[in-house]
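Okay, so here's the structure we're looking at.
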Amino acid sequence: MSSTRAKSPAQHAPAESTIPAGRNGAPLQETALKTPSAATVTDVSLRLENFLIDVADTLNSTLETDKLLGRVAELVRQVIDYEIFAILLLNERAQELRIRFQIGHTPETERLKIKVGEGITGMAVERRSSVLVDDVRKEPRYINANPLVRSELAVPLIAKKRVIGVIDIQASKEAYFTAEHNRILTLVASRIAAAIENARLYTRVARQAQTLTVLNEISRELTSILNVDQLFKRIGDLLTRVIEYQMFSILLVDTERSALVHRFSLRYQENIHLKHDIPLGRGLVGHAVQEKTAVLAPDVSKDPRYIQLNPETRSELCVPLLYKESAIGVLDLESTRRNYYNEDHVRTLTTLAGQIAIAIENARLYERIAREEQRLERDLAMAREIQVRLLPQSLPKLKSADLAAKFEPALMIGGDMFDFLEYSGDRIAFVLGDVSGKGAPAALYAALVSGLLRSTASLEPHPAQMLSAINLSLNERRIEAQYVSLAYAVWDDDSRAMTVANSGLPRPFLCKNGTISRIESTGLPLGLFEEADYDEVTIHAESGDVFVLVSDGILDALGPSGEQFGPKRVEEVIQQCCRMQAKEIVQSIFDAVDKHRGTRATFDDETVLALKVK
């Protein structure tokens, strides 16, 4: 092997080679190594020993591969004044030599890949011994990269009985390199090989440490992304920090179709959409998922499993995405170079694939939850609309009284209810109920109670009879832990009489002549006990009297210090507002509760119903 950059022998014939004495100062002529008459054998041995010590010190002084190879070139020049120098390292998998460091070669020569056994360097690896050629024109295996080269010396680098590369020197003069050159270069080659292996090991460890740091950073970032599409794009971006690629895809398993579906693909950093699904078990990606193991294809043209989707692909690496021992997809990297991906890439991508699988599952779970929440919100919105429709759309018009009512659920929908039911003879029944619990279950139970009330109201029962009838119906349809507290009143608009029955709701308030009292009507909630009796109270009202019914949510509203709003505050508001209209009284109670609660959240449904006698 040689280079076109070597100058003609006439212009630059190699100078007489010398070995510096190193520790003793005086140079040792090359002829001294050839002919002991120039110096004593003892002096030569001593200076050679000092030179070897210098070699050892120099090789032990650095663990950076590039710097080390440069120092090796300097050391060899001290022994032999070469024109062209190269260190070629062996790719064991491909059984090829590639130049790792050179002086004097052209870029074309530097890119050569020399098979073991080819050329003089390949012969040195094959034989595991040095090859000295006095005239390369007479060597049939010589690779003529430079017509000016005449002699060449190649010495294998052997570390732990394994050939790792070759030192190769060339000259433009025939028979330039001697047996002594061969002996000295062979003598230091094993030390150089050990130093190169140590440097490569250090580089590998440093690269692995850096890779692990990057993988840790990538893992932290990926687990914070909960949008699947954003996650896939970010994976493609971050992956370039640890592995270069030209083509990248994420395929996910579709269990219903037993196929791998392209979810994200990059081609030369451009996002593209691929619709070609791959059946499980087919192709390199299908095999990786089916066997739950990484698949490395150094040359896809030689792998019968390969499915050609991109004609530019030469090598491919597929790593399955495993989550709880199940393959949910695969990472697929493709390169336009053969033998591009190696075992280090496999280890790196396998490590990262576990974190990517977790991030994908988290993002998909979040999306499922988000979809469920959206569906639930739509359902709740519809349920709220239905609940609002179940409430009276307008208030009855009375000759002798003014009516008002307001309902505020703690959640989107609630368990409080109120209604107005027409009786004959200018009578009107009004009802306020509070179902146990909150939310959708309470709203459904309230709808059930409302239906029972309306179906029973056609019989125009007295309040106590109505409560008994509803209690019986609910016990026939008993639902565990569900019940309702209900106040039922019938107003006679002609006689101005109010008849009230109560089943667990706070006792109604009555304001008469500016004095506040509570109507003594109590009873057990409906739906708990089959045998329950209810009393009713009849009150004859006068002009200006105010009846107010409230649900538990009003009395139990908590202030910042945890104090309940309570019945006394309700009485105070009614007393202050008793001269107002019913609607203003109801709103004043709600305003007072809101002020008492402050920034504290509402935790129970709130309902107020008021009747003021004209």
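The set of residues from the stretch 468-510 being closer than 15 Å to residue 537 by Cβ and of a type in the set (Val, Ile, Thr) comprises 490, 499, 500. When you check residue 298 against the structure, is it touching a Lys or Arg at 6+ places or on another chain (Cβ under 8 Å), surrounded by 22 or more Cβ atoms within 10 Å (Cβ to Cβ), in the same structural domain as residue 268 (by TED's automatic domain parsing) and at negative phi, yes or no? No; evaluated as a whole, the condition is false for this residue.
Has the stretch 152-159 got any residue that is in contact with a Phe, Trp or Tyr (Cβ under 8 Å, 6 or more places away or on another chain), farther than 30 Å from residue 86 by Cβ and surrounded by 16 or more Cβ atoms within 10 Å (Cβ to Cβ)? Scanning the stretch 152-159 turns up no residue that is in contact with a Phe, Trp or Tyr (Cβ under 8 Å, 6 or more places away or on another chain), farther than 30 Å from residue 86 by Cβ and surrounded by 16 or more Cβ atoms within 10 Å (Cβ to Cβ).
When 293, 350 are checked against the criterion of being among the polar types (S, T, N, Q) and either in a loop (DSSP other than H, G, I, E, B) or touching a residue at least 60 places away in the same chain (Cβ under 8 Å) (or both), a single residue qualifies: 293. Do we have any residue at all in the stretch 182-189 that's in the same structural domain as residue 342 (by TED's automatic domain parsing), farther than 21 Å from residue 320 by Cβ, of a type outside the set (Gly, Ala, Ser) and free of Cβ contacts under 8 Å to residues at least 24 places away in the same chain? No; the residues of the stretch 182-189 include none that is in the same structural domain as residue 342 (by TED's automatic domain parsing), farther than 21 Å from residue 320 by Cβ, of a type outside the set (Gly, Ala, Ser) and free of Cβ contacts under 8 Å to residues at least 24 places away in the same chain.
Here residue 24 meets the list (1) part of a helix (DSSP H, G or I); (2) at pLDDT below 75 almost entirely, failing just condition (1). Selection within the stretch 245-277: residues that are β-branched (Val, Ile, Thr) and surrounded by fewer than 21 Cβ atoms within 10 Å (Cβ to Cβ). The member of this set that is nearest to the chain's Cα centre (by Cα) is 253. Residues that are modelled with pLDDT of 90 or more, part of a loop (DSSP other than H, G, I, E, B) and surrounded by 22 or more Cβ atoms within 10 Å (Cβ to Cβ) within the stretch 73-97 comprise 82, 83, listed in sequence order.
So that you can scan it fast, the table gives a plain yes or no per residue for (1) under 23 Å from residue 358 (Cβ atoms); (2) modelled with pLDDT of 90 or more; (3) in contact with a strand residue (DSSP E or B) (Cβ under 9 Å, 6 or more places away or on another chain):
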site	(1), (2), (3)
208	yes, no, no
213	yes, no, no
234	yes, no, no
254	yes, yes, yes
271	no, no, yes
282	no, yes, yes
294	yes, yes, yes
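Of the strands (runs of 3 or more DSSP E) entirely within the stretch 393-469, those holding at least 2 residues that are within 15 Å of residue 527 (Cβ to Cβ) and either of a type in the set (Phe, Trp, Tyr) or in contact (Cβ under 8 Å) with a residue 60 or more places away in the chain (or both) occupy 427-435. Residues considered: 605, 556, 533. Of these, the only one that is crowded, with 16+ Cβ neighbours inside 10 Å and modelled with pLDDT under 95 is 605. Determine whether residue 363 is closer than 16 Å to residue 291 by Cβ, of a type outside the set (Val, Ile, Thr) and in a helix (DSSP H, G or I). It is false that residue 363 is closer than 16 Å to residue 291 by Cβ, of a type outside the set (Val, Ile, Thr) and in a helix (DSSP H, G or I). Return a yes/no flag: does the stretch 519-530 have any residue that is under 20 Å from residue 401 (Cα atoms) and in contact with a strand residue (DSSP E or B) (Cβ under 7 Å, 6 or more places away or on another chain). Yes: one or more hits.
Looking only at residues in the stretch 125-179 that are outside any strand (DSSP E or B), under 20 Å from residue 73 (Cα atoms) and among the β-branched types (Val, Ile, Thr), which one is nearest to the chain's Cα centre (by Cα)? So the residue we want is 125. From the list 467, 448, the one residue that fits, being surrounded by fewer than 22 Cβ atoms within 10 Å (Cβ to Cβ) and either aliphatic (A, V, I, L, M) or under 30 Å from residue 399 (Cα atoms) (or both), is 448. The residues of the stretch 545-578 that are part of a helix (DSSP H, G or I), over 15 Å from residue 516 (Cα atoms) and without any contact (Cβ under 8 Å) to a residue 60 or more places away in the chain, listed by number, are 554, 555. The set of residues in the stretch 466-489 being β-branched (Val, Ile, Thr) and either under 12 Å from residue 452 (Cβ atoms) or in contact with a helix residue (DSSP H, G or I) (Cβ under 6 Å, 6 or more places away or on another chain) (or both) consists of 470, 484. Residue selection: residue 120 fails the criterion of being in a loop (DSSP other than H, G, I, E, B), hydrophobic (A, V, I, L, M, F, W, C) and in the same structural domain as residue 161 (by TED's automatic domain parsing). Among residues of the stretch 298-314 that are in contact (Cβ under 8 Å) with a residue 12 or more places away in the chain, those with a beta-carbon under 9 Å from a residue that is among the hydroxyl-bearing types (Ser, Thr, Tyr) and assigned to a helix (DSSP H, G or I) at least six positions away or on a different chain give the pairs 314/301. Candidates are the residues of the stretch 486-539 that are acidic (Asp, Glu) and touching a residue at least 12 places away in the same chain (Cβ under 8 Å); the one that is nearest to residue 553 (Cα to Cα) is 520.
Here's the yes/no breakdown for (1) in contact with an Asp or Glu (Cβ under 7 Å, 6 or more places away or on another chain); (2) free of Cβ contacts under 8 Å to residues at least 24 places away in the same chain; (3) among the basic types (Lys, Arg):
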site: 125; (1), (2), (3): no, no, no
site: 132; (1), (2), (3): no, no, no
site: 138; (1), (2), (3): no, yes, yes
site: 151; (1), (2), (3): yes, no, no
site: 157; (1), (2), (3): no, no, no
site: 162; (1), (2), (3): no, yes, yes
site: 166; (1), (2), (3): no, no, no
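The values are calculated or read from the model by the stated rules, or taken from the named source; none is laboratory data. A quick note: this is a predicted structure, and the numbers were derived from the prediction, not measured. Please note: Cβ atoms are built from the backbone with ideal geometry, for glycine as well, and neighbour counts cover all protein chains shown.
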